[in-house]
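Reviewing the structure listed below.
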Amino acid sequence: MIHMAVVVDNNTKLIVQGITGYQGTYHSMAMRDFGTKVVAGVRHGKGGEKVNDIPVFNFVSEAVGATGANTSCIFVPAPSCKDAALEAIDAGVPTIVIVTEHLPVLDAIHIVSVARSKGITIIGPNCPGVASPGKAKVGILPNNIFKEGDIGVVSKSGTLTYEIVNAITEHNLGQSTCVGIGGDRVSGASFIDILKKFEEDKQTKKIVLVGEIGGTAEEEAADFIKANVTKPVVAYIAGRTAPPGKRMGHAGAIIARGRGTAESKIKALEVAGVKVARFPTDVPGLLRNL
Amino acid sequence: MKLLEHKAKEVLKKYGIPVPEGFVISSADQIKTISGPVMVKAQVLIGGRGKAGGIKPADTAEDARKAAKAIIGMNIRGFISKEVLVERRLEVARELYLGITIDRSRRCLLLMASPDGGMDIESVPENRILMHPIDPLIGYQPFMGSKAAGFVGLPNDTALQMSAICGRLYELVTKEDAELAEINPLVVTKDGKVIAGDAKVTIDSDALFRHQEYNKLVEDLTPLEQKAKDLDIAFVQLDGNIGVIANGAGLTMATLDSINMYGGKAGIFLDLGGTDDPEKVKSAMLLMREANPKVILLNIFGGITKCDTVAKGVLEAIEDWKTTVPIVARIKGVNEEQAREMLKSAGMIPASGLSEAAEKASKESLR
């Protein structure tokens, strides 16, 4: 298996599952514009066709056999998403980014557990994907907000990540890699998985963590940072004013039974030595002052 | 999607989990006869029914009618009970807890059992709850049920009954796509039967595409909530007066938090999801018109679409709306400047950053 810096790099050879749909086609082009080697698309029944000049195969195994692809990006709709992800796992694709939203939670559990047993990395579901400026992008993050640099960003959110990445770029700082892990209740890679990679990654000098209410992933990340991360970390947690019991858009973003509040997350992060921003746009300032 | 108790019990029954015999009525005079002592139970999607007077015992049909009359239409913490469940009263020896839910950190299902049933599981100390993660590659196995029955201290035959119920509950969860299935209390009767005293089942709304039968269940939504749902827009009602439209859960929450930092308070918020589809932005503006907040704050971070296209949709939505409601708009992305000019000339208050937008909206709301 090729070692990747943080999820994606110059060696990324990407297939797009669901390339013939509007999103799949649009983002295949956008990923290529970003510099990603998009080597094939997959759509059952459309093998032999082309999307622009990208060859389409019927099955992931065929696409991998013909192109040597090592990463897949999944756009297929939720009802077929489990099949698509398991097909990619079955074909031995080592890195899989699932953009699809509204995936049933039991399907996510199934996909993630099988992938874990085979040492395969899953990012998502319901995530914007991964972008490493100057190298590759796998997912739907806007191309024009990035600038190559030394800040690693890991986030549960989509558009809020764009907001923060954009603010970092506007302050003339840049990103090493930005990973959107998704805000569903069950996701593949966790904050901790990505923090580990940032800690090891030579290009990354500082880390930004963007979390939100619900679950305990931020608290677990805080414990991990305290024990294992030597690089400085800045965080933003969304949902300080969210009332308990109301689901705030993301399936995971809910304060249930007094757990998963912003206060508890902010406190845990501060105890771990993380600087927590009050506004998303305060993140660049905190990075500069580290 | 949360199921009412009677519906949840129907699902339990389908999987062979014992539930008390009973029937559901929406009017007291539907009770003709009862075959022994019963409980008359409000059907609402909120806990604490008993304390609120929503559960009453009755020994005769006359008493049952009286109880039903009192409960039907009752407002229990904001939820109206339109129906009651009339069900056989159990001779309770013990009340246990049994549930299966999602373990987010371990990314699997979690089997939970406690000897302290009948109260909110949140108030039970952790050492009194067995939590057994079910590895998806192992699946539910009978030893897990035996472990649960042993933990709650059931002997012999009742242990076997509870163990079987654990397996059936797991089957229910996986086949019905439940994200929560909770039996609290799981009752052991004086004559040694293990039976579900209450039931909470929540079906994963993302899995409804493969469970058409639940789509027929009507949810208690206001007309505005229903419209938002039909448009796949997340609608949340808070107690402030600033109507917020934003795209993406994280950005929406960050917008609310920022408003709060400037002393404002968000009321209705509409989250369009990760999209900047101009049609969806337009629909959200139309919904917001109906909600009639004191100030509207629009915060869109563009991805695919150009800002001027989004702005055009916004302008179309408010075209014939003669209103004095201040609209603070911030659309970020490609052609941002053009969009700002368009919004400004239409009388809106443009903002370039999230903080600026939050500050302006808060100021307007406090006027």
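The values are calculated or read from the model by the stated rules, or taken from the named source; none is laboratory data. A quick note: this is a predicted structure, and the numbers were derived from the prediction, not measured. Neighbour counts run over all protein chains shown; Cβ positions are idealised from the backbone, glycine included.
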Please verify whether the stretch B:279-288 includes one or more residues that are free of Cβ contacts under 8 Å to residues at least 40 places away in the same chain and buried (at least 24 other Cβ atoms within 10 Å of the Cβ). yes
Filter result for the condition that a residue is within 26 Å of B:Thr202 (Cα to Cα), in a loop (DSSP other than H, G, I, E, B) and either assigned by TED's automatic domain parsing to the domain that holds B:Thr189 or not aromatic (Phe, Trp, Tyr) (or both), over B:Lys41, B:Lys56, B:Lys82: B:Lys82
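Filter the stretch B:85-118 down to residues that are part of a loop (DSSP other than H, G, I, E, B) and touching a residue at least 24 places away in the same chain (Cβ under 8 Å) and give me whichever is farthest from A:Gly182 (Cα to Cα). Break it down stepwise before answering.
Within the stretch B:85-118, the first condition is being part of a loop (DSSP other than H, G, I, E, B), and the residues that meet it are B:89-91, B:104-107, B:115-118.
Those left that are additionally touching a residue at least 24 places away in the same chain (Cβ under 8 Å): B:89-91, B:106, B:115, B:117-118.
Numbers: B:Arg89: 46, B:Leu90: 46, B:Glu91: 48, B:Arg106: 16, B:Pro115: 37, B:Gly117: 35, B:Gly118: 36 Å.
Only one residue fits best here, namely B:Glu91.
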Please determine, by comparing only the residues of the stretch B:185-210 that are within 14 Å of chain A (Cβ to nearest Cβ) and of a type in the set (Gly, Ala, Ser), which one is surrounded by the most Cβ atoms within 10 Å (Cβ to Cβ). B:Ala207
Those residues of the stretch B:304-347 which are under 28 Å from A:Met29 (Cβ atoms) and part of a strand (DSSP E or B), in sequence order: B:Arg330, B:Ile331, B:Lys332
For the stretch B:124-134, does any single residue satisfy the condition of being crowded, with 17+ Cβ neighbours inside 10 Å, more than 30 Å from A:Ala115 (Cα to Cα) and touching a helix residue (DSSP H, G or I) at 6+ places or on another chain (Cβ under 6 Å)? no
Select from the stretch B:1-38 the residues that are over 17 Å from B:Asp198 (Cβ atoms) and either in contact with a Cys (Cβ under 9 Å, 6 or more places away or on another chain) or part of a strand (DSSP E or B) (or both) and list them in ascending order. B:Ile25
Which residue is nearest to A:Asp282 (Cα to Cα), if the candidates are limited to the stretch B:260-271 and must be more than 8 Å from chain A (Cβ to nearest Cβ) and crowded, with 24+ Cβ neighbours inside 10 Å? B:Gly264
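In this structure, does A:Ala30 turn out to be touching a residue at least 60 places away in the same chain (Cβ under 8 Å) and within 13 Å of chain B (Cβ to nearest Cβ)?
Working: touching a residue at least 60 places away in the same chain (Cβ under 8 Å): yes; within 13 Å of chain B (Cβ to nearest Cβ): yes.
It is true that A:Ala30 is touching a residue at least 60 places away in the same chain (Cβ under 8 Å) and within 13 Å of chain B (Cβ to nearest Cβ).
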The lone condition B:Thr222 fails out of (1) within 12 Å of another protein chain (Cβ to nearest Cβ); (2) under 30 Å from B:Lys363 (Cα atoms); (3) surrounded by fewer than 16 Cβ atoms within 10 Å (Cβ to Cβ) is (1)
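Inside the stretch B:120-144, can you point out the residues that are out of contact with any strand residue (DSSP E or B) (no Cβ under 8 Å at 6 or more places or on another chain) and either part of a loop (DSSP other than H, G, I, E, B) or outside the structural domain of B:Ile183 (by TED's automatic domain parsing) (or both)? Let's see the steps before the verdict.
From the stretch B:120-144, those out of contact with any strand residue (DSSP E or B) (no Cβ under 8 Å at 6 or more places or on another chain) are B:120, B:122-123, B:125-127, B:137-139, B:141-143; that's our starting set.
Of everything in the stretch B:120-144, those that are out of contact with any strand residue (DSSP E or B) (no Cβ under 8 Å at 6 or more places or on another chain) and either part of a loop (DSSP other than H, G, I, E, B) or outside the structural domain of B:Ile183 (by TED's automatic domain parsing) (or both) turn out to be B:Asp120, B:Pro125, B:Leu137, B:Ile138, B:Gly139, B:Gln141.
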With the structure loaded, tell me whether A:Gln23 is at pLDDT 95 or above and under 20 Å from the mean Cα position of the chain (by Cα) or whether it fails that test. no
A:Val114 is checked against (1) at the interface with chain B (Cβ under 10 Å from one of its Cβ atoms); (2) touching a strand residue (DSSP E or B) at 6+ places or on another chain (Cβ under 9 Å); (3) among the β-branched types (Val, Ile, Thr) and fails just one. What number does that condition carry? (2)
Within the stretch B:225-251, residues being within 12 Å of chain A (Cβ to nearest Cβ) and of a type in the set (D, E, K, R) number 2
Pairs only if they're at least six apart or on different chains, beta carbon under 7 angstrom, first in the stretch B:237-257 and at negative phi and surrounded by fewer than 24 Cβ atoms within 10 Å (Cβ to Cβ), second at pLDDT 90 or above and in a helix (DSSP H, G or I); list them, first residue then second. B:Asn241/B:Ser365
Yes or no: the stretch B:8-16 includes at least one residue that is in contact with a strand residue (DSSP E or B) (Cβ under 6 Å, 6 or more places away or on another chain), surrounded by fewer than 17 Cβ atoms within 10 Å (Cβ to Cβ), at pLDDT 95 or above and small (Gly, Ala, Ser). no
Considering the stretch A:23-48 alone, what residues qualify as being out of contact with any Cys (no Cβ under 8 Å at 6 or more places or on another chain), closer than 24 Å to A:Lys147 by Cα and buried (at least 22 other Cβ atoms within 10 Å of the Cβ)? A:Ser28, A:Phe34, A:Thr36, A:Val38
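Yes/no per residue for (1) more than 18 Å from the chain's Cα centre (by Cα); (2) without any contact (Cβ under 8 Å) to a residue 60 or more places away in the chain:
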site	(1), (2)
A:Phe191	no, yes
A:Glu212	no, yes
A:Lys226	yes, yes
A:His250	no, no
A:Gly285	yes, no
Report, ordered by the first and then the second residue, all pairs with beta carbons closer than 9 Å, sequence separation of six or more or different chains, a first member in the stretch B:343-367 that is within 11 Å of chain A (Cβ to nearest Cβ) and more than 14 Å from B:Ser258 (Cα to Cα), and a second member that is crowded, with 16+ Cβ neighbours inside 10 Å and not small (Gly, Ala, Ser). B:Ser352/B:Arg330; B:Ser352/B:Lys332; B:Ser352/B:Glu336; B:Ser352/B:Arg340
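Using the structure shown, decide if A:Ile237 is within 21 Å of A:Asp184 (Cα to Cα) and touching a helix residue (DSSP H, G or I) at 6+ places or on another chain (Cβ under 8 Å). Step through it out loud before you land on a result.
Numbers: within 21 Å of A:Asp184 (Cα to Cα): yes; touching a helix residue (DSSP H, G or I) at 6+ places or on another chain (Cβ under 8 Å): yes.
Against the criterion (within 21 Å of A:Asp184 (Cα to Cα) and touching a helix residue (DSSP H, G or I) at 6+ places or on another chain (Cβ under 8 Å)), A:Ile237 qualifies.
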Against the definition (of a type outside the set (Val, Ile, Thr), modelled with pLDDT of 95 or more and touching a strand residue (DSSP E or B) at 6+ places or on another chain (Cβ under 7 Å)), how does A:Ser80 come out, yes or no? no
Tally up the residues in the stretch B:91-109 that are farther than 17 Å from B:Val152 by Cβ and more than 14 Å from chain A (Cβ to nearest Cβ), please. 1
Check A:Ile74, A:Ile89 and return the single one that is β-branched (Val, Ile, Thr), closer than 24 Å to B:Ser105 by Cα and touching a Cys at 6+ places or on another chain (Cβ under 8 Å). A:Ile74
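Take the conditions facing chain B (nearest Cβ under 7 Å), part of a loop (DSSP other than H, G, I, E, B) and in contact with a helix residue (DSSP H, G or I) (Cβ under 7 Å, 6 or more places away or on another chain) and apply them to A:Gly249. Does it pass? Show your work before the answer.
Values: facing chain B (nearest Cβ under 7 Å): yes; part of a loop (DSSP other than H, G, I, E, B): yes; in contact with a helix residue (DSSP H, G or I) (Cβ under 7 Å, 6 or more places away or on another chain): yes.
Answer is yes for this residue.
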Members of the stretch B:1-44 found to be of a type in the set (Val, Ile, Thr) and closer than 20 Å to B:Asp59 by Cα, listed by number: B:Val19, B:Val24, B:Ile25, B:Ile31, B:Thr33, B:Ile34, B:Val38, B:Val40
